[in-house]
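The values are calculated or read from the model by the stated rules, or taken from the named source; none is laboratory data. Nothing here was measured: the structure is a model prediction, and the numbers come from that model. Heads up, the Cβs are rebuilt from the backbone with ideal geometry, glycines too, and the neighbour counts pull from every protein chain shown. Side chains are part of the model used for accessible areas, which takes the heavy atoms of the whole protein and leaves out ligands, DNA and RNA. Shrake-Rupley method; radii C 1.70, N 1.55, O 1.52, S 1.80 Å.
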Amino acid sequence: MTIGQKIFQAIELFSTEVPHFDRFKNAFRNTLIDNGAPKENAEQMAAIAAETLGDLDEVDYHLGMAHIITFHTEFERAAGGNPEALQAMHKYMSYYLDFSELQPTAAAN
């Protein structure tokens, strides 16, 4: 499974309910670490992503994650310019966009 797929799958696990909240954080963190990101960066990024996704009014967590990656300054600082962490986010965004493009539109249903 690719890094993008692993992050996508972690977001699919997201819920504010226990134990899903911690499963998301662990899966997200471990995926970043597996990609070569330092543990400290990965832990901070996972915590910020989980907290921010939990505060969303909407339930499209993938769109929320895309927003976090693009606009959340604390998340960017947590990545610390680490190439592996940034690469993992790029791979997730690419996977997410490819996946979204393949989904049938509401008009087609």
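The figures follow:
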item: Among the residues listed as 49, 78, the single one being part of a helix (DSSP H, G or I), more than 11 Å from the chain's Cα centre (by Cα), among the aliphatic types (A, V, I, L, M) and buried (at least 20 other Cβ atoms within 10 Å of the Cβ); result: 78
item: Qualifying residue in region 18-30 (condition: in a helix (DSSP H, G or I), open to solvent by less than 50 Å² (accessible area, probe 1.4 Å) and of a type in the set (Phe, Trp, Tyr)); result: yes
item: Selected residue (only one of 37, 85, 42 is outside any helix (DSSP H, G or I), surrounded by 17 or more Cβ atoms within 10 Å (Cβ to Cβ) and more than 10 Å from the chain's Cα centre (by Cα)); result: 37
item: Long-range neighbours under 6 Å by Cβ, at least six apart or interchain, first residue more than 13 Å from residue 49 (Cβ to Cβ) within region 66-83, second open to solvent by less than 40 Å² (accessible area, probe 1.4 Å); result: 80/41; 82/37; 82/41
item: Out of 92, 96, sole residue that is closer than 24 Å to residue 22 by Cβ, modelled with pLDDT under 95 and open to solvent by less than 70 Å² (accessible area, probe 1.4 Å); result: 96
